[in-house]
Amino acid sequence: MEKPALIRGRIRDEAEAFAAASGGNVAMLFSLTLMPVVFLAGAAVDYSGASNLRAKLQRATDGANMQLCQMAVSSSQAQLEAAAQTYMAGYMDGRPFRIEAVVPSTKPRQIELTTSSEYPTAIVRAVNSSFAKVPVRAQARCFSEQQSFEIALVLDNTGSMLNSSGGVSKMQAMKTAATNFVNSVFADPLMAGNTKMSLVPFAAMVAVDPSTYRTASWIDQNGKSTHHWSFIQGGAAAVAGFSAYGIKSRLDVYNHLKGFVPSWDWNGCFEALPFPLNTQDTKPSASNKDSYYVPAFAADESGNGGEYQHQNGASTVRSSNSYINDTTASALPAPLPACTTAPDEATRTGQACKYAQPTNPRTSMTVPYLGTVALGPNVACTTRPLTRLTTSQSTLTSEIAALVANGYTNIHEGFMWGWRTISPNSVFGDGAAYTKPYNNKVVVLMTDGANTWTSNPLNPTLKSSYSAYGYFSNPDGSNVNARLPAGNANPTNDAQSRAAIDALTLQSCGNARNAGVIIYTVGFSVSGDPIDQKGLALLRDCAGNASRFFVASDSSSIDQVFQQIAQSIGRLRLSM
C-alpha cells in the first residue's frame with residue numbers, strides 16, 4: 001500500500017499535467033459560462049429601469065387626471081387633451097410620453113386618462129433588437145363633482161400702507177397685486193363660473209355699508225347690550241335722560257350729532273363682541289343680549305373741542321379725541337343732569353348731557369409731530385365698507401381701486417369679518433354650508449404691520465386710545481376684560497394690548513381652520529418699514545401651514561406672492 005504522502009504527490013502531479021495540457025481551453029470555458037451571468041445582470045438593470053418609468057408614468061397620470069377632473073364640466077375634448085398634455089409634461093420632467101386617450105363622461109362626472117411611454121434597453125437590445133424599447137402604459141380614472149370656491153380677500157388699509165415699497169407706495173403695490181389676483185382667479189378655467197369672492201378692507205375696524213345695514217336685525221338697535229352705553233356715565237338714569245331727545249341707542253346719538261356736524265353720522269363700524277363670541281362665526285341669539293353687534297362710538301374725551309391736552313391741577317391730561325366741550329352753555333331740560341360744570345376728569349369724560357347739546361364741535365386738531373388728525377365719534381372707523389361675496393369681477397376691482405390708507409392695525413377684526421363673509425352661520429349667511437361637498441372656503445389675509453392698540457398713560461380715565469374693544473377703562477367705569485381671553489386681562493401698555501389682540505387673532509384663525517377654512521397669510525415687510533419677528537410668527541401660525549404663509553419685500557414680490565396664492569387655490573383638490 002502506498003503511503004498517504006506518495007498518493008498526495010501523485011494527485012498533485014497529475015493535476016499540474018492537466019493544467020499544462022489544456023490551459024487555453026479552460027479560459028474559454030470560463031468565459032462561456034460567465035456570459036449568461038452578465039446578460040442576466042444587465043437584463044435586471046433594464047427591467048428595473050422600465051419598472052421605474054412605469055411607476056413614474058402612473059404617478060404622472062394620476063396627478064394629471066386629478067387636475068382634469070377639476071376642470072369645468074363644459075370643457076371641450078380639445079381643451080381636456082391640451083390640459084392633459086400640459087399637466088403630464090410637468091410631471092414627467094422631460095421624459096417622453098404619449099396621451100393615448102382622454103375619455104370624459106357624466107352622471108357621475110368622471111374622466112379616464114390613458115398614457116404610454118417607452119424605456120430604451122441596453123443589454124437586452126444588444127441580444128435582440130425586438131426588445132430595444134420596452135413599452136409601458138398607465139391608466140387612471142377620477143370621479144369628481146365640480147368644485148366651487150368662496151374666497152375672502154382681507155386687505156390691510158392702515159396708514160403705514162402709504163410708505164414706500166420701492167418706487168411706489170405699499171398701498172399702490174397692494175392694489176395692483178390684489179387686482180391681478182382677482183383677474184387671475186376669474187380667468188382660471190378651474191375656477192371661472194364657480195367662484196365667489198368678498199373684499200374686506202381693515203384698519204382699526206371694519207365697516208359695512210351704513211345705509212344698507214342701519215336697521216339690520218343683528219345690530220343692537222335698542223341699546224340692550226351690556227356694552228352699549230359704556231361711553232357715558234349714569235347708567236339707566238342717563239339713558240332715560242337721552243329719551244327726551246329721541247335717543248334710545250348709539251345710532252340715535254349719531255342721528256342727533258349729525259344735526260350739528262353732518263359728517264358725524266355712523267360710518268358702519270362695530271365694536272368687537274365679547275369673548276369668546278369675537279373668535280367665532282355665530283349669529284346673534286335672542287337669548288344673549290351681548291351677542292348683538294354694538295355700533296362703534298368713540299367717546300368725547302375730556303377737554304374742550306379740539307384740545308389735545310389740558311391741565312387738571314398739577315397734572316397734564318392728554319386726550320386723543322376731544323371733539324366737543326365737556327360742558328354745555330346752559331343746563332339742559334330734565335331728565336338729563338346739568339352739564340354746566342365738570343368737577344373731575346371722569347365726569348368730564350362721561351357726562352351724557354354734552355352729547356345732547358354739543359358745544360364747540362371740532363372735526364380735527366393739530367397734534368405735535370403728527371400734524372392734523374381727525375376727531376369725532378367715528379375716529380377709529382376709517383375704511384371703505386366691505387364687499388360681500390360676489391361673482392362680479394368688476395365690482396371687486398373697482399372697490400380695490402377705491403381703497404384708501406388710514407388708521408392703525410387690528411388683524412383680528414379684519415380676519416373675523418373676512419371669515420364672516422364666507423360663513424354660513426354669521427350675519428350675512430352668504431357662505432355655503434361647511435358640509436357642502438367640493439366647496440373650498442378660503443381667507444387670504446394681507447398686512448404690513450402688527451396688531452396695535454395704543455395706551456395713553458396721560459389720560460387717567462380711559463388709559464388708551466379707542467379701539468374695537470373700547471378703552472382699557474371705559475367712561476362708565478367698566479374695563480375691557482369681557483372682550484379678552486382671561487390670560488390677557490387688564491392691559492396697561494402697548495405690549496400687553498398687542499399680546500391680547502394677538503391671542504384673539506390666533507384663536508380666531510384656529511377656530512376657522514377647524515371649521516374647514518383654508519387660510520393664506522401675507523406679510524408685506526419692506527426694508528424701510530419691516531414687520532417684526534413676532535408679527536411674522538403670528539401670520540405663520542394663523543395660516544397653520546408654512547406653505548400658506550408668504551412674505552413680500554417690495555412691490556414686485558407682493559404681486560408674485562398673490563399670483564402664487566391664486567395658483568395654489570386653483571390647485572386645491574379635495575379627496576375623492
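The values are calculated or read from the model by the stated rules, or taken from the named source; none is laboratory data. Remember, predicted model here, so these are calculated numbers, not experimental data. Counting neighbours? That spans all protein chains shown, and the Cβs are built from the backbone with ideal geometry, glycine included.
Which of the numbered conditions does Tyr369 fail, given that it passes all the others? Conditions: (1) over 30 Å from Lys175 (Cα atoms); (2) within 38 Å of the chain's Cα centre (by Cα).
(1)
Taking the residues in segment 213-227 that are of a type in the set (Val, Ile, Thr) and under 23 Å from Val480 (Cβ atoms) as candidates, determine which candidate is surrounded by the fewest Cβ atoms within 10 Å (Cβ to Cβ).
The qualifying residue surrounded by the fewest Cβ atoms within 10 Å (Cβ to Cβ) is Thr226.
Which one is nearest to the chain's Cα centre (by Cα) among residues in segment 270-288 that are of a type in the set (Ser, Thr, Tyr) and closer than 15 Å to Ser508 by Cα?
Per the criteria, the residue is Thr279.
So Thr215 fits all but one of (1) assigned by the TED database to the domain that holds Asn406; (2) free of Cβ contacts under 8 Å to residues at least 60 places away in the same chain; what number is the exception?
Of the numbered conditions (1) assigned by the TED database to the domain that holds Asn406; (2) free of Cβ contacts under 8 Å to residues at least 60 places away in the same chain, the odd one out for Thr215 is (1).
Can you pull out the residues in segment 399-427 that are buried (at least 22 other Cβ atoms within 10 Å of the Cβ), within 24 Å of Ala450 (Cβ to Cβ) and not aliphatic (A, V, I, L, M)?
Within segment 399-427, Gly407, Thr409, Asn410, His412, Glu413, Gly414, Phe415, Trp417, Gly418, Trp419, Arg420, Thr421 qualify.
Would you confirm whether any residue within segment 321-342 is outside any loop (DSSP other than H, G, I, E, B) and modelled with pLDDT of 90 or more?
Among the residues of segment 321-342, not one is outside any loop (DSSP other than H, G, I, E, B) and modelled with pLDDT of 90 or more, which makes the answer no.
Scanning for something within 30 Å of Tyr369 (Cβ to Cβ) and touching a residue at least 40 places away in the same chain (Cβ under 8 Å), does segment 327-336 turn up at least one residue?
no
If you check every pair at least six apart or on different chains, which have Cβ atoms under 6 Å apart with a residue in segment 481-510 that is free of Cβ contacts under 8 Å to residues at least 40 places away in the same chain and over 20 Å from Pro460 (Cβ atoms) first and a residue that is crowded, with 22+ Cβ neighbours inside 10 Å and among the aliphatic types (A, V, I, L, M) second?
Cβ pairs passing all conditions: Asn488/Ala500.
What residue, of Ile569, Ile518, is in a helix (DSSP H, G or I) and buried (at least 19 other Cβ atoms within 10 Å of the Cβ)?
That would be Ile569, the only listed residue that is in a helix (DSSP H, G or I) and buried (at least 19 other Cβ atoms within 10 Å of the Cβ).
Among the residues of segment 348-359, write down those that are out of contact with any helix residue (DSSP H, G or I) (no Cβ under 7 Å at 6 or more places or on another chain) and crowded, with 17+ Cβ neighbours inside 10 Å.
Within segment 348-359, Arg348, Thr349, Gly350, Gln351, Cys353, Lys354, Gln357 meet the criteria.
For residues that are of a type in the set (D, E, K, R) and farther than 28 Å from Phe415 by Cα, scanning just segment 275-309, find the one that is surrounded by the fewest Cβ atoms within 10 Å (Cβ to Cβ).
Step by step, filter segment 275-309, then rank; the result is Glu307.
If we scan segment 314-321, do we find a residue that is over 27 Å from Gly246 (Cα atoms) and either among the aliphatic types (A, V, I, L, M) or in the same structural domain as Asn425 (by the TED database) (or both)?
Among the residues of segment 314-321, at least one is over 27 Å from Gly246 (Cα atoms) and either among the aliphatic types (A, V, I, L, M) or in the same structural domain as Asn425 (by the TED database) (or both), which makes the answer yes.
Is at least one residue of segment 205-212 in a helix (DSSP H, G or I), of a type in the set (Val, Ile, Thr), within 18 Å of the chain's Cα centre (by Cα) and buried (at least 19 other Cβ atoms within 10 Å of the Cβ)?
no
Read through the list (1) small (Gly, Ala, Ser); (2) out of contact with any strand residue (DSSP E or B) (no Cβ under 7 Å at 6 or more places or on another chain); (3) modelled with pLDDT of 95 or more, then give the number of the only condition that Gly544 fails.
Here Gly544 meets the rest and fails (2).
Going residue by residue through segment 486-494, is there one that turns out to be out of contact with any helix residue (DSSP H, G or I) (no Cβ under 6 Å at 6 or more places or on another chain) and within 30 Å of Asn425 (Cα to Cα)?
Yes, there is a match, as at least one residue in segment 486-494 is out of contact with any helix residue (DSSP H, G or I) (no Cβ under 6 Å at 6 or more places or on another chain) and within 30 Å of Asn425 (Cα to Cα).
Go through segment 381-398 residue by residue and tally those that are more than 17 Å from Gly449 (Cα to Cα) and in a loop (DSSP other than H, G, I, E, B).
Final tally of qualifying residues: 5.
Given the options Ala298, Ala352, name the one that is in contact with a Phe, Trp or Tyr (Cβ under 8 Å, 6 or more places away or on another chain), at pLDDT below 95 and not assigned by the TED database to the domain that holds Trp419.
Ala352
If you go through segment 289-296 one residue at a time, do you hit one that is closer than 24 Å to Ser467 by Cβ, part of a loop (DSSP other than H, G, I, E, B) and of a type in the set (D, E, K, R)?
no
Looking at (1) touching an Asp or Glu at 6+ places or on another chain (Cβ under 8 Å); (2) assigned to a strand (DSSP E or B), which is the only condition Phe550 fails?
(1)
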